[in-house]
Each structure stands twice: as structure tokens, then as C-alpha cells.
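A short write-up of the structure that comes next.
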Ligand code: PEP
Ligand code: MN
């Protein structure tokens, strides 16, 4: 059973689950009760089309039989920590790879990335606020893409969509979505979470590091959703926090439908095309009870557009009385291409970050967090900073599977700037 998503992409429905029409009315003919499968009756953008529906169904069954990757109590603890951010008493530091990769996974990598996050948190804490640490890790294996197709040497193939979907190698075999990849993503996510927990046990004075990823692959998310028998609430068991991306945040779309029913903290990417009225409807849909710590609005406009785009959104949310947190992602609006290489300039990232703090202050809103793409390894993917990465350096250690990440020196430079902006 295949339908077309709103962007024209075919969306494969898994077999044997809730039929779309069942989700339209509830048992009493009134509003339907949310289920982990409710998203299936909404248009889904950016989802892979799996050629083998029975292979997908088998993977979904295997995932559904696993224990949740994160405990309900830990998710609740993150919600409480974020409620402090919403009240203006703490700051959210969220960061990690654009896309985790199966090949790069190792305990050392998890350790390096986690060390960097904690090191940045230490610096930011000097600004005078407690820091909530959330890694982009343990599930960040899938990517929305602006281009559905890529061409090379006369050959056109589907775009790479992250290791949980297809392979980077430019062959038709590798670019075909394989549902079994979800099992490897799940296995590595479990290992990453176990490592993070082990590091915390070894260093009990360090703050908790929570895990987050974009809730893009809804077959995976649904299969890992669990109902808490004590409260009746549903939790995404795939990570402590998940976010809805810029390309999938349509009000009536599948991703918003899924996120609306889980009790985890939810991020929502807010780019230049988001109108204030639409933001208010998204807030109403994702955070109807207006609970501090539930919703994080993550602005991502670009240094040249943040000035015109952010203030109207912040003002609308404030006037509506929303308790949602505002954070800034100064990465995704600042992509640029230098001699065919995707990169970002540290100067643009710093300008957008500073503008976020200025605008928040002018609007009487707490500047609540920053969301970064960064690596604990010494990569050369973004330009500038005191480490002096120039255009000629980009090819030296460009390891990202998707967007360019800050290296540790660049990330720490941003942390220093953030501490100064908080302390201002
Ligand atoms: C991302 O966070 O990697 C991403 C794709 O962001 P956005 O949805 O804001 O473009
Ligand atoms: Mn990215």
C-alpha cells in the first residue's frame, strides 16, 4: 500500500498495522485517540521507500520486541531539567554529529564526543547558569535531504539518507533503502547509551548526558514507542529527546502527528519559512498543556536572516503565553559551498549566536540553549576560528557523512562566546 507524501515522494505503509481510516475517528466517533501508529494516516515527507515491505515488517517486529533504549524516569529527569531552562534558570547545550555513521562507531569516539560536550558545558556554566547536556547521538543515523537525487559522472541515483537508510557508496545497490539497517542503528544506539551510562558511573560528580536525534524514521520510532503502564503515557524509547526537522514540520504531517503523542521533550526546528501563525499552531499541537520542559523551539535562520525572522516568532510565542524554550542552531542556516565543498564559517555561526542573545533580550525571552554540529575529533570541516582552518585545510580531515561539523577548538571557542553572552 503506497501513498504519495506532500512533497511527491512515495511513502510505503507497513503492512498489518493501523489502517489510515481507523485513525480518523475514535471509538465514540469523536476525536481519535493517539496511538504510536497515528502518523500513518498523515502525509509523511522525507521517509524512505522500502522495496521489500515484508522485510520492513519483520524489522519492525524485531524492534518492537526490544526493551526501550532509555528509561521513562530518565526521560522525565530531562523534562524536569528542561523545565528549569524554560523558567530561565538553566541553559541547554545540545550537540554532536550531523549524521552518526556505522563505520565510525567506537567507544573512543563516544568518549571523545562526550568529553567535548562536558568541556563546553564547563565553560558555559561560567556564564552563571546550570547546563543541561544533550548529545546528538545514539540514534542520529537518518538525514532529510533537500535533493532527492544525486548525479555523478552521468549517473543519477537516490541521495544518501544516512546509514540507517542506505549506503554512501554511489551505486544503485548501496543507495537502495534497506530496513535491516534499522537493526544496526538500534544496536549501535544501545551501545552508545550503555557507554554514556558507564562513563557516568565511573565519574559520579559529572552531570548526566542525555541523548537526542531527529525523529525522522517513523517506522523505527513507532516500533520503539512504549506505553508506561503506570501512567498510560507513551514515550519514545529511542532517545531521551527527539526533534522534528525543518523539512518535516508541516502541521498536518506524519512527523508532527507522531511527536504530538509522546511525552518526551520535543525539539522543533524553526527556519526562515516558518510564519508566526503556523508556529502558534505547532505549539498548540505539540504542547497543548503548555508544560515547561516539553517543547524546545530551535531557531536556524542563518546570520543574514536571523535579524528579520526570529523576533516575530519569539514575540508571537511570548504573547501566546507559551512556556516553550528558545534555542539557536547557528549551523543549518549558514551552509556555504567553497570550491565544491560543503562548509560553514565560524564567523557566521558566532554572528547568528550573538544575534539570538540580543533578540531574545530585546523580546524579553530567555535565550535558553544552543544546538551545534560538532565532533570530538580534530576534523577540518568548518572554516575559521583561532585554530585557523582555511580553505586549503578542508580536504585534510573532512570526515562528515553529511553536514560540516565544528572541531573541538572551534566548539570550545563558541562555548566561550556563549558564556560571555549569558553573563552579559
Ligand atoms: C540537522 O539537524 O541535521 C538538520 C537536517 O537540520 P534542519 O532540519 O534544521 O535542516
Ligand atoms: Mn545537519
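The values are calculated or read from the model by the stated rules, or taken from the named source; none is laboratory data. Since we're looking at a predicted model, the values are computed, not measured. Virtual Cβ from ideal backbone geometry, glycine too; neighbours counted across all protein chains shown.
Taking region 257-279 as the range and being touching a helix residue (DSSP H, G or I) at 6+ places or on another chain (Cβ under 6 Å), in a helix (DSSP H, G or I), surrounded by fewer than 24 Cβ atoms within 10 Å (Cβ to Cβ) and touching a residue at least 40 places away in the same chain (Cβ under 8 Å) as the test, the residues that pass are 257, 260, 276.
Restricting to region 344-364, give me the number of residues that are more than 15 Å from ligand 1 (Cβ to nearest atom), under 26 Å from residue 145 (Cβ atoms) and outside any helix (DSSP H, G or I). Result for region 344-364: 1.
A quick yes/no check of all residues on (1) away from ligand 1 (no atom under 16 Å from the Cβ); (2) surrounded by fewer than 19 Cβ atoms within 10 Å (Cβ to Cβ):
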| position | (1), (2) |
| --- | --- |
| 165 | no, no |
| 177 | yes, no |
| 184 | yes, yes |
| 193 | yes, no |
| 200 | yes, yes |
| 205 | yes, yes |
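Taken over region 93-146, the criterion of being out of contact with any helix residue (DSSP H, G or I) (no Cβ under 8 Å at 6 or more places or on another chain), within 14 Å of residue 372 (Cβ to Cβ) and within 16 Å of ligand 2 (Cβ to nearest atom) is satisfied by 94, 98, 113, 136, 140.
Looking only at region 371-398, filter to residues that are part of a loop (DSSP other than H, G, I, E, B), in contact (Cβ under 8 Å) with a residue 40 or more places away in the chain and more than 20 Å from the chain's Cα centre (by Cα); which one of those is nearest to ligand 2 (Cβ to nearest atom)? Here the residue is 398.
Selection within region 399-416: residues that are buried (at least 23 other Cβ atoms within 10 Å of the Cβ) and in a helix (DSSP H, G or I). The member of this set that is farthest from ligand 2 (Cβ to nearest atom) is 415. Would you be able to say whether some residue in region 8-31 is part of a loop (DSSP other than H, G, I, E, B), farther than 30 Å from residue 416 by Cα and at pLDDT 95 or above? There is no residue in region 8-31 that is part of a loop (DSSP other than H, G, I, E, B), farther than 30 Å from residue 416 by Cα and at pLDDT 95 or above. Inside region 319-329, residues that are free of Cβ contacts under 8 Å to residues at least 60 places away in the same chain and either within 12 Å of ligand 1 (Cβ to nearest atom) or surrounded by fewer than 17 Cβ atoms within 10 Å (Cβ to Cβ) (or both) make up a count of 4. No other residue among 291, 203, 284 is farther than 23 Å from residue 145 by Cβ and modelled with pLDDT under 95 apart from 203. Can you tell me how many residues in region 319-343 are more than 27 Å from residue 81 (Cβ to Cβ), out of contact with any helix residue (DSSP H, G or I) (no Cβ under 6 Å at 6 or more places or on another chain) and part of a strand (DSSP E or B)? Looking only at that region, the number is 6. Among the criteria (1) modelled with pLDDT of 95 or more; (2) more than 16 Å from ligand 1 (Cβ to nearest atom), the one residue 404 does not fulfil is (2). Residues in region 292-313 that are within 20 Å of the chain's Cα centre (by Cα) and assigned to a loop (DSSP other than H, G, I, E, B): 292, 293, 294, 300, 301, 302. Restricting attention to region 381-410, the residues being in contact with a helix residue (DSSP H, G or I) (Cβ under 8 Å, 6 or more places away or on another chain) and more than 23 Å from residue 100 (Cβ to Cβ) number 5. Yes or no: residue 248 in a loop (DSSP other than H, G, I, E, B) and buried (at least 21 other Cβ atoms within 10 Å of the Cβ)? Against the criterion (in a loop (DSSP other than H, G, I, E, B) and buried (at least 21 other Cβ atoms within 10 Å of the Cβ)), residue 248 qualifies. Filtered by the rule that a residue be under 30 Å from residue 314 (Cβ atoms) and in contact with a helix residue (DSSP H, G or I) (Cβ under 9 Å, 6 or more places away or on another chain), region 367-380 gives 367, 368, 369, 370, 372, 374. For residue 99, the conditions (1) more than 16 Å from ligand 1 (Cβ to nearest atom); (2) in a loop (DSSP other than H, G, I, E, B); (3) under 17 Å from the mean Cα position of the chain (by Cα) all hold with the exception of (1).
In this structure, does residue 90 turn out to be in contact with a strand residue (DSSP E or B) (Cβ under 7 Å, 6 or more places away or on another chain) and away from ligand 1 (no atom under 16 Å from the Cβ)? Working first, answer last.
Numbers: in contact with a strand residue (DSSP E or B) (Cβ under 7 Å, 6 or more places away or on another chain): yes; away from ligand 1 (no atom under 16 Å from the Cβ): yes.
Answer is yes for this residue.
Given region 137-233, what helices (runs of 4 or more DSSP H) lie entirely inside it while holding 2 or more residues that are under 22 Å from the mean Cα position of the chain (by Cα) and farther than 23 Å from residue 269 by Cα?
Details: elements: 172-175, 181-202, 218-223.
Per the criteria, 181-202.
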